[in-house]
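Asks: Here you go, one structure.
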Amino acid sequence: MTVDEQKEAVGEAALKYVKPGMKVGLGTGSTAAWFVKAIAREVEAGLKLTLVSTSVQTTQLAESLGLTIKDINDVGTLDLCVDGADEVGDGLALIKGGGGALLREKLIWEQARTCVVIADAAKHVPVLGKFPLPIEVEPFAWKGTVNRISDVLVEFDIDKLPIMRKKDGQPWITDGGNLIFDVACGRIEDPSGLGAALKSVTGVVDHGLFLDLAEVALIATPDGVRIVE
Ligand code: 5RP
């Protein structure tokens, strides 16, 4: 299977977690887009759902497919969230935020009873950290924040500088108006320690370590979709 076929397979497989009447969070990225397309097809065929979105990008895709996206503040607790990831590690620890939507994604995930992560085979890794860890930062006084992030990284033996994400030479701005810094950690030996330390830095809005949030991962393999719990 090509990578795109793998993404389509897991996007379709996630439909089995969707039941009529559910409140469902739609993730962001090229894998989650397959789930959004599958949902649009089922809704067109008569399935009734309440949908919320994790990004402007996903809202635009969903609406272009005829779906209605509700304001999360009008919906309350979600039954389900289905989303992609950049890495899926041991114990379903994840790196997310490659698409820059980590804050809204985490807000939606935290408000969902069940979170299902969908990923192609290459994303399933023994140790997190090969994919650069995204950190969302308040733009005001960002240089001081980055210095404090660097101090935290040193404490965790990560000898790498946070790199500001850019697009067309300009700072990449999130849906919430923040900056993203990516850290090529290499190996993250202590994801929960690092996550907690980063979260405690003033100016860090959030980071892409999603720990103890996913209940199940659907991973594409050459033989089909594998369920990891
Ligand atoms: C966006 C994300 C995405 O879920 C993650 O980057 C995976 O994207 P893709 O499915 O395109 O590989 O976290 O912030």
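Asks: Among the listed residues Asp190, Asp159, which satisfies the condition of being at pLDDT below 95 and either touching a helix residue (DSSP H, G or I) at 6+ places or on another chain (Cβ under 7 Å) or not hydrophobic (A, V, I, L, M, F, W, C) (or both)? Working first, answer last.
Replies: Numbers: Asp190 fails: at pLDDT below 95.
One residue alone meets the criteria, Asp159.
Asks: Something else about it: Check segment 135-149 and report whether any residue there is of a type outside the set (Ser, Thr, Tyr), within 16 Å of the ligand (Cβ to nearest atom), under 16 Å from the mean Cα position of the chain (by Cα) and under 26 Å from Leu92 (Cα atoms). Steps first, please.
Replies: Taking segment 135-149 first, the residues of a type outside the set (Ser, Thr, Tyr) are 135-144, 146-149.
After this cut, where a residue has to be within 16 Å of the ligand (Cβ to nearest atom) as well, the list is 135-137.
With the extra rule that they be under 16 Å from the mean Cα position of the chain (by Cα), the set shrinks to 135-136.
Narrowing further to those that are under 26 Å from Leu92 (Cα atoms): 135-136.
Yes.
Asks: Mind listing whichever residues of segment 2-53 are at positive phi and over 15 Å from the mean Cα position of the chain (by Cα)? Please lay out each step first, then the result.
Replies: Restricting attention to segment 2-53, the residues satisfying the condition of being at positive phi are 21, 29, 46.
Those that are at positive phi and over 15 Å from the mean Cα position of the chain (by Cα): Gly21, Gly46.
Asks: Could you grab me the full set of residues in segment 155-196 that are more than 19 Å from the chain's Cα centre (by Cα), assigned to a loop (DSSP other than H, G, I, E, B) and among the β-branched types (Val, Ile, Thr)?
Replies: Result: Ile158, single match.
Asks: Moving on. Of the residues Val127, Val117, which single one is assigned to a loop (DSSP other than H, G, I, E, B), β-branched (Val, Ile, Thr) and either touching a strand residue (DSSP E or B) at 6+ places or on another chain (Cβ under 6 Å) or outside the structural domain of Thr50 (by the TED database) (or both)?
Replies: On the way: Val117 fails: assigned to a loop (DSSP other than H, G, I, E, B).
Among Val127, Val117, only Val127 is assigned to a loop (DSSP other than H, G, I, E, B), β-branched (Val, Ile, Thr) and either touching a strand residue (DSSP E or B) at 6+ places or on another chain (Cβ under 6 Å) or outside the structural domain of Thr50 (by the TED database) (or both).
Asks: Is it the case that segment 203-225 has a residue that's more than 30 Å from Lys16 (Cβ to Cβ), in a loop (DSSP other than H, G, I, E, B) and modelled with pLDDT of 95 or more?
Replies: yes
Asks: Also: Is segment 67-82 home to any residue that is modelled with pLDDT of 95 or more, touching a strand residue (DSSP E or B) at 6+ places or on another chain (Cβ under 6 Å), under 13 Å from Thr31 (Cα atoms) and not charged (D, E, K, R)?
Replies: Yes.
Asks: So, Ala85, is that one outside any loop (DSSP other than H, G, I, E, B) and either farther than 19 Å from Gly100 by Cα or within 15 Å of the ligand (Cβ to nearest atom) (or both) or not? It would help to see each step written out before you state the result.
Replies: Details: outside any loop (DSSP other than H, G, I, E, B): no; either farther than 19 Å from Gly100 by Cα or within 15 Å of the ligand (Cβ to nearest atom) (or both): yes.
For Ala85, the condition - outside any loop (DSSP other than H, G, I, E, B) and either farther than 19 Å from Gly100 by Cα or within 15 Å of the ligand (Cβ to nearest atom) (or both) - is not met.
Asks: Run down Ala184, Ala122, Ala196 and say which single residue is surrounded by fewer than 17 Cβ atoms within 10 Å (Cβ to Cβ) and in contact with a Pro (Cβ under 7 Å, 6 or more places away or on another chain). Can you show your working first?
Replies: On the way: Ala122 fails: in contact with a Pro (Cβ under 7 Å, 6 or more places away or on another chain); Ala196 fails: in contact with a Pro (Cβ under 7 Å, 6 or more places away or on another chain).
Testing whether each residue is surrounded by fewer than 17 Cβ atoms within 10 Å (Cβ to Cβ) and in contact with a Pro (Cβ under 7 Å, 6 or more places away or on another chain) leaves just Ala184.
Asks: Restricting to segment 1-37, give me the number of residues that are assigned to a helix (DSSP H, G or I) and either within 14 Å of the ligand (Cβ to nearest atom) or surrounded by fewer than 16 Cβ atoms within 10 Å (Cβ to Cβ) (or both).
Replies: Step one: of segment 1-37, the residues assigned to a helix (DSSP H, G or I) are 3-17, 30-37.
Okay, now just the ones that are also either within 14 Å of the ligand (Cβ to nearest atom) or surrounded by fewer than 16 Cβ atoms within 10 Å (Cβ to Cβ) (or both), so 3-11, 14-16, 30-37.
Matching residues across segment 1-37 total 20.
Asks: Another question, if that's okay. Are any residues in segment 153-180 in contact with a Ser or Thr (Cβ under 8 Å, 6 or more places away or on another chain) and over 18 Å from Gly98 (Cβ atoms), and if so, which ones? It would help to see each step written out before you state the result.
Replies: Step one: of segment 153-180, the residues in contact with a Ser or Thr (Cβ under 8 Å, 6 or more places away or on another chain) are 161-162, 175, 180.
Selection gives Leu161 alone.
The values are calculated or read from the model by the stated rules, or taken from the named source; none is laboratory data. Just so you know, these numbers come straight off a predicted model, no measurement behind them. FYI the Cβ positions are ideal-geometry reconstructions off the backbone, even for glycines, and counts take in every protein chain you see.
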